[in-house]
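The values are calculated or read from the model by the stated rules, or taken from the named source; none is laboratory data. Everything quoted here is computed from the prediction, not taken from an experiment. Positions of Cβ are backbone-derived with ideal geometry, glycine not excepted, and every protein chain shown enters the neighbour counts.
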Amino acid sequence: MAINQQITGMRGVYLVAAELSRLGFIVSPTSRGALGADLLVTDQGCQNAFSVQVKTNQKISKYWLLNKKAKEIISPNHIYVFVNIRKAGTEYYIVPSSMVAKNMYIEKSKTGKKSTWYAISLEGIQKNKNKWGLFGKSSDDDT
């Protein structure tokens with residue numbers, strides 16, 4: 001993976017962490033080697049905990065690459081956040097892991113190489129734009 005892709009990925013992780021923190025959640029990045037979770041998130045009452053996988057595009061794209069394990073890692077507490085970093089503003093698509101598993105697709109290389117790509121398209125998750133409510137309430141205040 002090129003260094004620019006790593007920086008883009010980390011930028012997305014920290015943008016999502018900042019947004020969840022702004023919403024009142026407690027957020028912690030995982031170690032870089034953690035499979036399937038970039039962030040661990042809980043509400044302020046520690047009543048609900050989530051693992052979050054972040055996928056980020058810096059260039060205009062209508063899909064995100066996935067790990068083939070995305071088909072298997074399904075839990076009501078595992079959420080994907082797909083990020084498009086744009087000059088006009090960052091777009092966030094908050095998607096339950098069950099929906100990711102259902103909408104991901106496999107594409108074989110068209111160049112004759114024996115490579116396979118796992119991905120999800122913007123079209124399949126567009127209705128989940130800014131659906132931060134999937135995390136529930138962030139705090140126990142009444143506001």
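General observations
- Residue within the range 118-138 that is in contact (Cβ under 8 Å) with a residue 40 or more places away in the chain, of a type in the set (Lys, Arg) and within 18 Å of PHE25 (Cβ to Cβ) present: yes
- Taken as a whole, the structure leaves VAL100 outside the set of residues that are modelled with pLDDT of 90 or more, within 25 Å of GLY24 (Cα to Cα) and in contact with a helix residue (DSSP H, G or I) (Cβ under 8 Å, 6 or more places away or on another chain).
- Candidates in the range 44-64 are the residues that are hydrophobic (A, V, I, L, M, F, W, C) and either more than 19 Å from VAL16 (Cα to Cα) or surrounded by fewer than 14 Cβ atoms within 10 Å (Cβ to Cβ) (or both); of these, the one that is modelled with the highest pLDDT is ALA49.
- Contact annotation: residue pairs with Cβ atoms under 7 Å, 6 or more positions apart or on different chains, pairing a residue in the range 20-41 that is farther than 14 Å from GLY136 by Cβ and in contact (Cβ under 8 Å) with a residue 40 or more places away in the chain with a partner that is in a strand (DSSP E or B) and among the hydroxyl-bearing types (Ser, Thr, Tyr), are GLY36/SER51; ALA37/SER51.
- Looking across the range 102-139, the residues that are buried (at least 16 other Cβ atoms within 10 Å of the Cβ) and of a type in the set (Gly, Ala, Ser) come down to ALA119, GLY124, SER138.
- Residue in the range 22-35 that is surrounded by fewer than 17 Cβ atoms within 10 Å (Cβ to Cβ), polar (S, T, N, Q) and under 17 Å from LEU134 (Cα atoms) present: no
- Only one of the numbered conditions (1) within 17 Å of GLY124 (Cα to Cα); (2) assigned to a helix (DSSP H, G or I) is violated by ALA18, and that is (1).
- Scanning the range 13-64 for residues that are among the basic types (Lys, Arg) and under 14 Å from the mean Cα position of the chain (by Cα) yields one hit, LYS55.
- Within the range 135-143, not a single residue is touching a strand residue (DSSP E or B) at 6+ places or on another chain (Cβ under 6 Å), at pLDDT below 95, charged (D, E, K, R) and farther than 23 Å from VAL16 by Cβ.
- Count of the range 77-89 residues which are at pLDDT 95 or above and either part of a loop (DSSP other than H, G, I, E, B) or over 13 Å from the mean Cα position of the chain (by Cα) (or both): 1
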